[in-house]
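First up is the structure itself, then whatever we jot down about it.
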Amino acid sequence: MQHFHPRSSNAVSSQSKFGKKRGSYNCGRCGLPKKGHICTVSTPATSTSATPSRSSLSVAASAPSSFSAAGCPPLHPRRALSFDDEESDGLDPLESSAMWPQGDDLDSSGLPGNVLWDVLKRLPPSGLLTAAKVSRGWRDMTKRLWKAAEELRLRVPASVQVGFVASMLQKCPGIVSLSLVMESDLDSTMLACIAFSCPNLIFLEILVSDSAVNRITGTELGRFVADKKSLKSLKMEGCSSLGGFVLCSSSLSTIWLSDLYSHSKMVFNCPHLREISLKFSHRENNSTDLATMVEGLGRSCPRLQNIRIYSMQLSHTAVLALTAAQLRGLRMLSLVSGSDVTDASVAAIASSYPNLELLDLSGSSVSDSGISMICNVFSETLTRLLLALCPNVTSSGIQFATAQLPHLEIMDCGMTICEPDSGNPIADENNHKLQKMPITNLHLTNQKLIIKHSCLKKLSLWGCSGLDALYLNCTQLKDLNLNSCRNLHPERLLLQCPSLENVHASGCQDMLVGAIQSQVCNAFTDVENYSPCKRLPDGSKRVRVPHLVNTESPDEETKRSRKKRRLCNVLLD
C-alpha cells in the first residue's frame, strides 16, 4: 500500500517556479528509502532570521535560514574582509564538514545552503560583489555576509570619491574595526561618513599615500573623537594640517599620529590612554612646544604605559618635563632623533622611571657613561635597548650593556661604531643629524666587539663600518643584522649561536659573506662523545665506558650525540 503525502501550496509554487528537481530517493531526516515509508523523526523549528555573533577582530555569522530547513548552523568566526587581497586566506577546507551540519535542502543553483555559505564567506569583498550578480539567492546570501562583517580593510584609489566608501560601509553596519589606505585626498567629509556609518567603531586606522593629502583639521578630529564614545584605538598618518587640537575621550586607549608639524596646542584629555605615539615631521622651523605637551600628559593621562616621540626638537628640557609628570605605570619609553638628549637626560629618566622594560634613545648624544647609568638602574627589568645612530657609543659600552643586563632580548646599535667619513648609503638620510651631534668617539676605528649572552634574541649592528672583529656566543640569538659592516675582517668573525635563523649581510665583502655562510649554514654540529664516564676502583682516574659495557643502547646514544641544527638563512638583499 502506498502512502501519499499532501503538498502545500508553497511547495507547488516553488516547484513551478524553479522547475522539477530530482531529489534523493532516501529520506532526508532518517535516511530510509522513501518508498512505502512514513518518517517519524520530527523536523526542528526553522529560524526566521540570522543573528550573527560578532567578535572584536573577526567576523562571525550564522547561516541564513532560508537555505537550510534543518536549522541554523553554529556560529563560527570568519576572516576579516579586505579589498587588497585577491586570494582568500579563509578557513581550512578540512574544517568545513565539522563546522556546518549536513542538509539536503538545495537552493536555486543546486547547492545546499550551508555549502554555499561556506564557499561565499571565503571570497574577498570584490568576489562577493561579483557573486551577488549571479542570482537572487546568492544576492541574499552576500547581503547576510556583509551584515556579519566586523573588520574591513579598504583601499581608496585616487579616482574614487567618498560615495564609494559610504556604499561599502552601509553594507557593513556592524563594523568595529576599519582600516583605510587613502590614495585620494582626505577631508572632514570622510570623517563624517565614518561617524555616521559606523556607530560601534572601536579601531580606526587611516593610512595616507605619498600622493594624497590629509586636510583634516584639529577641530574636526577633536569633534570626531568626542562623538565616538566606543572608539579605543586611533591611528592616522599625514597630520600636518591639524594645527592646534584638543582630544577628549573617556574610551581611547591608543593614539598614533604621524607627520605632525608646528602645532600651537596639543592637549590629550584621555584618562584611560595607555599608549601614545607621536611622529613629527623632519622639516625645519617646527614650532611645537614639546615640553608643554609632555607636561600635560602627566595631568590628563595618568595611566600611560608606552610613550613614543619621534622629533628633532627633543631636548633635555622635554625630558625633564616628562620625568616631572610621574607616570608610575610607564614601561616603554622611546625618544628618537633628539640630538640634545644627553647623559644628563638618561640620569633623569633613570631616577624617575626605574621599571622600564624598553628604552629607545636612537639618534641621541648618549655616550658610554649614559649606558653605565642604564645598566645600574635597569639591570633587572630592561629587555629591549635601542641605541641606533648614537655615534658617542663605543664597543666598550655595548659590551658593558650586554654583560650587565641579563634579561636583554633585543639590542640595536646600528651606526654607533662608524668611520669618520663613512660613505654608507644607509646613513645618507641621517647625515644632517650626525653633523649636529657632539661626536667624541667617531674617530675610533678598528674596534673589537665581544658579546656573550644567554637571553639575547636579536642583535643589530647595521652600518658599523668601524667594527673590525666580532665574537658572539649567544645561545638564544635568532636574528643578526650585519648590513654594511664593510670593514669586518672575515678571520676575526666567530659566531657561536646554535639558534641563529637569519643573518643580514647586505653590503658586506664577499669574503665576509663566505665566512658567515661557512659558520652558520652547516646542517649538523660536530658530533660530540656523550659516552658516560666512570672512575677506576681507587677513584684516581676517569675513563670512558666502552660501548659493550655501556647499558645504553647504541641507537639511543646516537640520537643523543647527533644534535641536528636549524638551518640559517644568509640574506643579501
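Here is how the numbers come out for the structure above:
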item	result
For segment 296-315 versus segment 161-225, the gap between their alpha-carbon centres in whole angstrom	26 Å
Sequence of Val341, Val213 from largest to smallest accessible area, 1.4 Å probe	Val213, Val341
Cut-off under 5 Å, modelled amide H: who pairs with Gly363 long-range	Ser337, Ala388, Leu389, Cys390
Probe 1.4 Å - accessible area at Ser264, Å² to nearest ten	110 Å²
Accessible-area ranking of Lys452, Lys235, largest first, probe 1.4 Å	Lys452, Lys235
Cross-link pairs Lys121/Lys228; Lys121/Lys458; Lys143/Lys228; Lys147/Lys279 - those with Cα-Cα distance over 32 Å	Lys121/Lys458; Lys147/Lys279
For segment 446-513: rounded, prolate or oblate by the Cα gyration tensor [a/c cutoff 1.5]	prolate
Ranked packing of 354-365, 181-192, most packed first, by mean Cβ within 10 Å	354-365, 181-192
Vicinal HN-Hα couplings computed from phi for segment 124-129 (Karplus, 6.51 cos²θ - 1.76 cosθ + 1.60; Hz; Gly/Pro x)	x, x, 4, x, 5, 5
For segment 273-416, average projected area of the Cα convex hull in nm²	7.7 nm²
Residues whose placed amide H lies under 5 Å from that of Met266, excluding near-sequence neighbours	Phe245
Packing-based ranking, highest mean first, of 147-159, 276-288, 479-491 given that Cβ atoms within 10 Å are counted	479-491, 147-159, 276-288
Backbone HN-Hα couplings from phi across segment 305-311 [Karplus 6.51/-1.76/1.60, Hz, Gly and Pro as x]	10, 10, 10, 10, 10, 10, 7
Other-chain or far-sequence residues with amide H under 5 Å of Gly463's (modelled H)	Met415, Asn483, Ser484, Cys485
Loop trypsin sites (Lys or Arg not before Pro), segment 293-337 (other Cβ atoms within 10 Å of the site Cβ: 16 or fewer; DSSP)	Arg303, Arg328, Arg331
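The values are calculated or read from the model by the stated rules, or taken from the named source; none is laboratory data. For clarity, every value in this text was computed on a predicted model and none was experimentally measured. Ideal geometry is used to build each Cβ from the backbone, glycine not excepted, and the neighbour counts take in all protein chains shown. Protein only, heavy atoms only, side chains kept; ligands, DNA and RNA dropped before computing areas. Shrake-Rupley method; radii C 1.70, N 1.55, O 1.52, S 1.80 Å.
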